[in-house]
Every structure is written in structure tokens, then in C-alpha cells.
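Take a look at the structure set out below.
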Amino acid sequence: MNTILRKSILGIAGLAFTGGVFAGPVAAHAADTTPAVKPVTATVQSDKLIPHGVQGDQSRIDLNDEQTKNVKAIIAATKKAGMDERAAVVSIATALQESKLENLGHLGDRNDHDSQGLFQQRPSSGWGTVEQITDPEYSTTAFLKGLKQVDGWQDMPLTKAAQTVQVSAYPDHYAQWEQQAADLVAEHWNK
């Protein structure tokens, strides 16, 4: 791995994290318009999809057609990047936490800086243009590119792998979506 590139990416991510910490809680996630999160019990357990078992209480939301379309786009981009089902689980769980799988544009006062799209990526942090990061294939590919640069991501708990790429002010929140993400990958990977 290119050490200089990794350090540059982690430096940019650190700046994004610092900006988020000083700006306070992520306003986009505090919106009253997000669907209610439902605690669930595990339904799919696979060494391939959930190699470490789920961590903590799991949440689940009902998906509409647009969210399901975004799941399929994430899976297609993961396959196109030559990555496996586990990478799709990490990606979908991340998008569930960041946007509830909704391709969010600028949310005005509720926006966390300039975060947009499925992964709440920021143009000002080098993720791409607004047009790019609101394209599900591009934003997934950008997330996966970051994931590939995390040494040993395949052997990490999901929340640590996602956090290393995203640098969220709420790093433990990704874990709650692992079961639903695994279920979605199991349902859609071979379609």
C-alpha cells in the first residue's frame, strides 16, 4: 500500500472528524423525518458475511423501493470493484447509518457541513463533486477505495472498518446495522 497516499487520506479524514467534533452532533441524523429504528434479533449468521458476530443491539428499518435500489447499486459497485460480500455488508451498514440508504442532497440547516449522498461524503474533504457523491455507484466506489486502503479491514469488526474510512463523530453506531446489511447482501448478491 502506498504509505503517503494512506497518510494523506487519513489526514483529510482527521480534518473532517475534527470539523465534525467542533460542529457538534451530526444534524442530518437528528432529523425527525428518518424512519423509526426497530431493535431486532439476528436472522442470518454467516462466517462470510458476519465473521465476528454482530456487536450490540441491532436495528432494522423497512426499505422502500428507492432504498432497495440503492442496496442493489452498492452491491453492483462492490462486485465491479472486485470485492466480496463482506465489503458489501460493510458498505451497506455504513450507508444505513449515514443516510438510511437515502441518496441525500444538501439538507440546508440540517446538513452536517457539506455532507451528501448515501455515505454522507463531503466535497470539501476530497470525496468528489456533489454530482459525483450523490451518484450511488461513484460514492460506493469511493467508499470502497478507502476501505481497500485500511490494512486488515477484512479481519476487523464492521464498526472499526467503517469508522476508519468514515471518521464519524459516532463511531460505534455502524455496528447496529450489521445484521440488516448482511441480510440484504444475502438476499440481493446473487440476483
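The table below lists the values:
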quantity: Exceeding the 21 Å Cα-Cα cut-off - candidates LYS48/LYS148; LYS69/LYS191; LYS80/LYS100; calculated: LYS80/LYS100
quantity: Reachable aspartates and glutamates, given that their alpha-carbon falls under 16 Å from the alpha-carbon of LYS79 and they are not under 8 places away in the same chain; calculated: GLU137, GLU187
quantity: Heavy-atom accessible area order for GLU131, GLU66, largest first, 1.4 Å probe; calculated: GLU131, GLU66
quantity: Charge tally in the Cβ shell below 10 Å around GLY53, where Lys, Arg are +1 and Asp, Glu are -1, GLY53 excluded; calculated: -2
quantity: Ordering of 176-188, 141-153, 52-64 by packing [mean C-beta count within 10 Å, highest first]; calculated: 176-188, 141-153, 52-64
quantity: Carbon + sulfur, % of accessible area of the stretch 59-191 - ligands and nucleic acids excluded, 1.4 Å; calculated: 47 percent
quantity: Per-residue ³J(HN,Hα) for the stretch 121-132, Karplus 6.51 cos²θ - 1.76 cosθ + 1.60, θ = phi - 60°, Hz, x for Gly and Pro; calculated: 7, 10, x, 5, 9, x, 6, x, 6, 4, 4, 5
quantity: Compactness relative to 2.2 N^0.38 Å, alpha carbon Rg of the stretch 144-191; calculated: 1.22
quantity: Environment charge of TYR138, counting only residues whose C-beta is closer than 13 Å and scoring Lys/Arg +1, Asp/Glu -1; calculated: -1
quantity: Per-residue ³J(HN,Hα) for the stretch 174-191, Karplus 6.51 cos²θ - 1.76 cosθ + 1.60, θ = phi - 60°, Hz, x for Gly and Pro; calculated: 5, 4, 5, 9, 4, 5, 5, 4, 5, 4, 5, 5, 4, 6, 10, 4, 9, 8
quantity: Rg/Rg_globular for the stretch 54-191, with Rg_globular taken as 2.2 N^0.38 Å and Rg from C-alpha atoms; calculated: 0.95
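The values are calculated or read from the model by the stated rules, or taken from the named source; none is laboratory data. The shown structure was predicted, so the numbers you read here are calculated from the model rather than taken from an experiment. No Cβ is skipped: glycine too gets one built from the backbone with ideal geometry, and neighbour counts run over all protein chains shown. To get the accessible areas, we keep the full protein, side chains included, count just its heavy atoms, and leave off ligands, DNA and RNA. Shrake-Rupley method; radii C 1.70, N 1.55, O 1.52, S 1.80 Å.
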